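So the structure is just underneath, and the comments pick up after that.
The values are calculated or read from the model by the stated rules, or taken from the named source; none is laboratory data. As the structure is a computational prediction, the values presented were derived from the model and not from experiment. Note that we place each Cβ from the backbone using ideal geometry, even for glycine, and neighbour counts take in every protein chain shown. Keep in mind that these areas ignore ligands, DNA and RNA; they rest on the heavy atoms of the full protein, side chains included. Shrake-Rupley method; radii C 1.70, N 1.55, O 1.52, S 1.80 Å.
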Amino acid sequence: MSGGTERSSAEPASAFGVYSRQGLTPGRASAAMLVALAVILLTAVVTRYTEMVTGRYITQGVPPVPAFAAILLLLALRVSLRVVAPRLAPTREQMLLVYVMVGIGVILSGAYQLRAFLPHLVSMQYQGKTNPAMAEHARALPEWFAPRDPKAIEDYYNGAPDHAVPWGEWARPIIVWSFFLTAVAAAAFCLVLLVQRRWIREERLTFPLLNIALAMSADDWSPYGPRTVRRGLFALGFAVAALFNGSNILHVLAPSVPAPGFYLLFSPFFVDRPWTPLGAVGIYYMLEAIGIGYFVPLDVTFSTWFFYLANRIFAVAGTAAGYDKPGFPYTHDQSAGGYLAVGLLLVWGLRKHVGPSLAALVRRGPKTEDERAEGIAWLGLGVSTLFILAFSHLAGFSLLIAIPYFAVIALFVLVYARIRAETGVPFGFIYPFTLPKEMIINALGAERTLSLAGHRSFVLFSSFAWMGRHHQVMEQAAYQMDGVKLTHEAGIRRATFVTAVAVAFIVGLGAAFWVHLSAYYDVGSNMAGGGGGGGEWRAVVAAQEYQQMAGRMTAAPPQDVPRLQALGGGFAFTSALYWLRLRWLSSPFHPLGFILATAYGESGNPMWFPLLVAWFVKASLLRIGGLTFYRRGMPFFLGLAMGHFFMAGVFWPVLSLFLAPEASRAYPLYFGG
């Protein structure tokens with residue numbers, strides 16, 4: 001898989017392969033942007049008529065499958081054009097720019113962006129048809145917040161008779177919320193730009209997830225060993241993924257064919273106390289996580305599986321001791337405490353960088369390129385933050401609640417971006433969802449929160465809950481962080497990169513509004529995404545959020561002290577791990593590993609087993625043959641990850657178009673979401 005000639009002494013080397021830096025002229029950059037926009041829009045159309053109707057995800061994956069497919073197609077095009085028209089062959093810089101834009105633009109039409117946000121605008125009004133109390137709560141929303149016509153809201157859930165979107169009703173909410181969503185994405189982007197110099201240039205974080213894109217766009221893989229060996233290992237890894245997915249696909253077509261499936265759950269084996277906590281454990285055969293996990297630092301992979309199993313053992317011990325209250329050992333709250341600790345430690349670690357950066361902002365005279373860029377980022381962060389707070393205030397969301405809520409969100413965004421940069425694990429739900437809001441309510445107490453904020457703010461707190469329940473902002477920041485690293489690696493001009501990110505976001509946002517509203521008014525939110533009449537899953541989450549809100553207003557629950565203790569325990573334990581690493585440089589325990597181990601709460605954590613396998617193989621190779629053996633093993637794991645993305649993410653979805661819906665749904669697209 002060299003894709004070109006052997007390494008030349010004139011070519012710059014990279015840890016991710018060898019490549020010729022050709023530069024990205026304005027014409028080449030424009031061409032790359034047009035290709036990326038075409039992929040974003042094409043993916044939106046396909047999403048509208050597949051994912052939104054059947055629930056079979058095509059935008060899933062970390063990175064998103066369309067981003068992988070785009071760079072794969074460009075690689076094939078490059079190989080072909082280098083023979084017949086070398087000047088038209090996509091360059092490495094173009095391929096990486098397309099990858100960045102597709103990642104940022106496609107996720108907006110995915111499962112946890114607008115699809116999670118839209119139901120929070122209309123759920124109360126729809127429930128209010130049969131629940132007068134909910135209708136009363138819905139009156140707390142300002143007029144510009146959501147469509148006002150009851151028919152438009154009913155058709156959103158049940159489908160319009162003429163299948164047409166009432167764009168007139170939606171025009172004002174779309175415009176208003178587009179400004180808010182853009183401000184949130186801009187604030188995240190400015191945070192990323194302010195930390196990137198320290199994380200990329202000074203700390204030299206490795207961005208393991210990007211090995212796929214960087215390897216696929218490299219001109220050759222000579223740093224990975226002799227050509228015959230690396231090609232053989234890559235082919236072997238790809239073959240393993242092909243065999244795994246091929247047997248699962250054959251099982252769908254011919255059920256008598258044996259297949260490994262995707263997971264092995266422990267729940268049937270641990271049904272009696274005190275072993276029931278082990279029932280949540282599962283072994284997930286996520287080949288892309290094993291492949292990418294090979295590039296993740298050993299202390300992170302070790303800490304993830306070690307702390308996950310330790311958590312389950314602790315839960316068993318607590319159950320045996322009679323302490324088996326619902327939610328024990330409050331794993332999600334532990335993870336939230338860890339997030340807060342790491343977030344504050346990251347802010348503290350930036351203190352020496354922030355002072356000079358702010359001083360340069362107000363200093364007159366010539367400035368370096370970094371100082372100018374960071375000055376713009378500071379201004380962008382300030383303007384975006386003021387807009388978000390002004391928007392909240394105008395909506396009636398008390399700043400006494402809004403400021404701490406958005407501050408927690410900002411810390412979570414920072415930590416999520418750090419996890420992507422330092423660990424690169426190919427999973428999306430690597431944060432304690434719902435906790436940004438719930439920890440504030442539990443810390444103050446529901447009754448005190450209601451009295452402090454008032455009825456309208458308490459309602460709006462739930463209306464903004466999508467920001468903490470799902471990872472909309474965090475996901476944007478993670479792909480922005482990836483983009484900064486890729487443009488740094490490829491030498492793409494900062495202005496080109498910023499323009500590309502802005503264009504991808506704006507086009508992706510517009511496409512996402514069309515995808516979801518056209519689908520909902522066609523088939524109805526209750527039926528969309530394979531809802532079967534019970535409601536699309538994100539709509540169900542929104543309904544549950546408002547039902548919980550209404551219940552708290554009727555009978556405010558007391559503070560959940562054990563959860564607060566778990567929150568504090570997670571904060572203290574993560575801080576202790578950080579302190580330990582400062583004094584024991586070779587400590588195998590990483591604070592981010594603890595966060596990853598606890599991020600999925602009491603539900604099954606899909607990453608512990610793939611990372612255990614990756615850790616074991618990597619540690620063994622390093623012990624046997626040192627860095628030489630480790631680097632020689634890279635092609636196999638790249639082949640494993642790429643093979644799984646190709647077979648499960650590209651080949652199977654295309655093949656399933658020609659199969660009956662029941663057959664295509666029998667083997668769902670399963671990546672780390």
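At the residue level, D333 shows approximately 10 square angstrom of accessible surface with a 1.4 angstrom probe and all protein chains present.
Looking at the stretch 111-164, the accessible area is 40 square angstrom per residue; that uses a 1.4 Å probe and ignores ligands, DNA and RNA. Roughly how many Å is it from the Cα centre of the stretch 52-103 to that of the stretch 142-177, as a whole number? For the stretch 52-103 versus the stretch 142-177, the Cα centre distance is 35 Å.
In this entry, the stretch 180-243 is assigned a mean projected area of 7.2 nm², taken as a quarter of its C-alpha convex hull surface. From helices alone, the chain scores -21500 deg cm²/dmol at 222 nm; the rule is -39500 (n - 2.57) for each run of n ≥ 4 DSSP H residues, then divide by the residue total. Using every pair of separate Cα atoms, the Kirkwood estimate puts the hydrodynamic radius of the stretch 293-428 at 18.7 angstrom.
Ordered by 1.4 Å accessible area with all protein chains kept, K325, K485 run largest first as K325, K485.
The charge dipole of the chain, taken about the Cα centre with unit charges on the Cβ atoms of Lys, Arg (+1) and Asp, Glu (-1), comes to about 1700 debye, rounded to the nearest 20. Taking amide hydrogens as placed 1.01 Å from N in the peptide plane, the amide H of Y263 sits under 5 Å from those of Y285, each at least 5 positions away in sequence or on another chain. What translational D, rounded to a whole number of µm²/s, comes out for the stretch 41-88 from Stokes-Einstein when the hydrodynamic radius is the Kirkwood one over Cα pairs, at 4 °C and 1.567 mPa s? Here the translational diffusion coefficient equals 105 µm²/s. Helix screen, the chain: DSSP H segments with Cα axial length of 18 Å or more and mean Kyte-Doolittle hydropathy at least 0.5 are 26-49, 65-84, 92-106, 167-196, 227-253, 298-320, 331-349, 369-395, 399-422, 494-523, 608-644.
Since only A502, V515, V425 are under comparison, the one whose Cα sits farthest along the positive direction of the charge dipole of the stretch 411-549, derived from C-beta charges on Lys, Arg, Asp and Glu, is A502. Near A138, once Lys and Arg are set to +1 and Asp and Glu to -1 for all other residues with Cβ below 11 Å from its Cβ, the sum equals +2. Convex hull of alpha carbon positions in the stretch 41-126: directionally averaged projected area 6.8 nm². Under conditions of 4 °C and 1.567 mPa s, the stretch 545-607 yields 89 µm² s⁻¹ as its translational diffusion coefficient, taking Rh as the Kirkwood radius over Cα pairs in the Stokes-Einstein equation.
Across all C-alpha atoms in the stretch 489-590, the radius of gyration and Dmax reach 23.5, 60 Å. The residues E536, E447, sorted by heavy-atom accessible surface at 1.4 Å with ligands and nucleic acids left out, run E447, E536 from largest to smallest.
Ranked from largest, the principal axis spans of the Cα set of the stretch 95-175 equal 54, 29, 20 Å. Among residues other than Y330 with Cβ under 10 Å from its Cβ, the summed charge is -1 (Lys and Arg +1, Asp and Glu -1). When you work out D = kT/(6 pi eta Rh) for the stretch 457-508 at 10 °C and 1.306 mPa s, using the Kirkwood radius from C-alpha pairs as Rh and the Stokes-Einstein form, the result is 123 µm²/s. Binned at 10 Å from 0, what are the whole-percent values of the Cα-Cα distance distribution for the stretch 21-165, short to long? Result returned by the calculation: 10, 29, 23, 18, 12, 6, 1. Taking every Cα-Cα distance in the stretch 284-359 and sorting them into 10 Å bins from zero, the calculated P(r) comes out as 15, 27, 30, 20, 7, 1 percent. Percent relative contact order of the chain, based on C-alpha pairs within less than 8 angstrom and at least six residues apart? Relative CO of the chain lands at 31 percent. Here the average projected area of the convex hull drawn through the C-alpha atoms of the chain stands at 31.6 nm². Comparing Cα centroids, the stretch 498-566 and the stretch 448-465 end up 18 angstrom apart. In the assembled protein chains, T276 presents an accessible area of approximately 60 Å² (probe radius 1.4 Å). Calculated accessible area for the stretch 369-492 comes out at 29 Å² per residue, all protein chains present (probe 1.4 Å; ligands, DNA, RNA ignored).
Restricting the calculation to alpha carbons of the stretch 545-673 gives Rg and Dmax of 22.3, 65 angstrom. Considering only A663, P268, L627, and ranking their Cα positions along the charge dipole of the chain that arises from unit charges at the beta-carbon of Lys, Arg, Asp and Glu, the one farthest toward the positive end is L627.
One compactness figure for the stretch 224-375 is 1.66, namely its Cα radius of gyration divided by 2.2 N^0.38 Å. Heavy-atom accessible area, probed at 1.4 angstrom with all protein chains present, ranks K437, K367, K151 as K151, K367, K437, highest first. Here the calculated FRET efficiency for L309 and Q565, from their Cβ-Cβ distance with R0 = 30 Å, stands at 0.85, rounded to the nearest 0.05. Just the protein heavy atoms count here, and of the accessible area of the chain at 1.4 Å, carbon and sulfur take up 67 percent.
Within the full protein context, the accessible area of Y99 is estimated at about 20 Å² for a probe radius of 1.4 Å.
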